[in-house]
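Trainee: Before I ask anything, here is the structure I am working with.
Values in this text are rule-based calculations from the coordinates and carry no lab data. It should be emphasised that the depicted structure is a prediction, and the values quoted were computed from it without experimental measurement. Cβ sites come from the backbone with ideal geometry, for glycine too, and all protein chains shown count toward neighbours.
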Amino acid sequence: MTKPIASLIKSELDWMKEAKRDFGELLVDPYTIAVSRNNPGLKRVFAESGLDAKDPDHWKLLLAAVVDIVYRPRKGGPGRPVKWTAKLNHALVLDAYKLRVEAPHKSNEDIAADLAGETWKGHWVDRERLQRLLKDLRIKQRGNLAKIKDHRTYKLGARGQLSRDIAWAFSKEGRTELKRRAALKSRD
C-alpha cells in the first residue's frame, strides 16, 4: 500500500521541481489545493473528520494522521498467524492423546477445549485444528483400526504403532474401552 502512495508523492515532487525550475519559487499552500468535486476523497476526509480545509493546522493534523496510518511499522502481535509445522501438529496430537488416556470420560471437544483454553507451547490452539488433525489421523489409520478384532485385548504402546494408538484412543470403540479400563482401575 505504501509503495503506490510513495510513487505518487514522488511524481508530484518531480512535477514541482520542474515547475520550480521553469517558473521560480512555488508555494504549496493549503488554500490553493482544491477541496472540490475534482478531489472527492480529500473533500470526504474533511467532511467526515470535521477538519476545516482553510485552517493550515488542520492540514498538518490530517497529514500526521495519514502518515501514521499509511507508514505505521509492522509489528508482531497476538494476531500474527502461527507457523504450524508437522512437528507442532504431532506434539499437539500427542498431548491430546495423553489427556485421553488420563481422562477417557472426557469428550473430544472437552480435550480440545482443555488444550485450547490456554497457550500451548507458546501457540494458541483452536478446537477446529485439533479436531481436523484427529480426523486426518483416523482416516489414515482406518485400515489398521479395522484389523483389531477385540478391543478389550488391544494393548497400547506397541513399538512403532503410536499413530494407531492415538487413532484407536479417539475412536468410539477405543474410548469405550479406555473408560472400561479406567472403571476397573478405580474399583481396585
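Trainee: If you take the charge dipole of the chain about its Cα centre, with +1 on Lys and Arg Cβ and -1 on Asp and Glu Cβ, which of ALA112, TYR154, PRO4 is farthest toward its positive end?
Mentor: TYR154
Trainee: How much mean residue ellipticity at 222 nm does the chain get from its helices, if each DSSP H run of length 4 or more adds -39500 (n - 2.57) and you divide by all residues, to the nearest 500 deg cm²/dmol?
Mentor: On the way: 9 runs with 116 residues, N = 188.
Mean residue ellipticity at 222 nm (helix-derived): -19500 deg cm²/dmol.
Trainee: Considering all projection directions equally, how large on average is the shadow of the alpha-carbon convex hull of the chain, in square nanometres?
Mentor: Directional mean of the projected Cα hull area for the chain stands at 19.6 nm².
Trainee: In degrees between 0 and 90, to the nearest 10, how far off the longest principal axis of the chain does helix 2-23 point, with axes built from Cα atoms?
Mentor: It works out to around 10 degrees.
Trainee: Relative contact order for the chain using alpha-carbon pairs under 8 Å, separation at least 6, rounded to a whole percent?
Mentor: About 15 percent, as a whole number.
Trainee: Right, something else. Between VAL101, VAL93, VAL66, find the one with the highest GNM mean-square fluctuation for the chain; connect C-alpha pairs within less than 10 Å.
Mentor: In this elastic network of the chain, the residue with the biggest mean-square fluctuation among VAL101, VAL93, VAL66 is VAL66.
Trainee: Fewest to most neighbouring Cβ within 10 Å: what's the order for TYR97, TYR71, TYR154?
Mentor: Lowest count first: TYR71, TYR154, TYR97.
Trainee: Determine, for SER186, SER7, SER171, the number of other Cβ atoms within 10 Å of each Cβ, and report the residues in order from fewest to most.
Mentor: Arranged by neighbour count, lowest to highest, SER186, SER7, SER171 become SER186, SER7, SER171.
Trainee: Between ARG142, ARG132, ARG21, where does the largest GNM mean-square fluctuation fall for the chain, given springs only between Cα atoms within less than 10 Å?
Mentor: ARG21
Trainee: Separate question: Taking the chain as the reference, fit the longest principal axis to its C-alpha atoms, fit the long axis of helix 172-187 to the helix C-alpha atoms, and give the angle between the two in degrees, 0 to 90, nearest 10.
Mentor: Between the helix axis and the principal axis of the chain, the angle is about 60 degrees.
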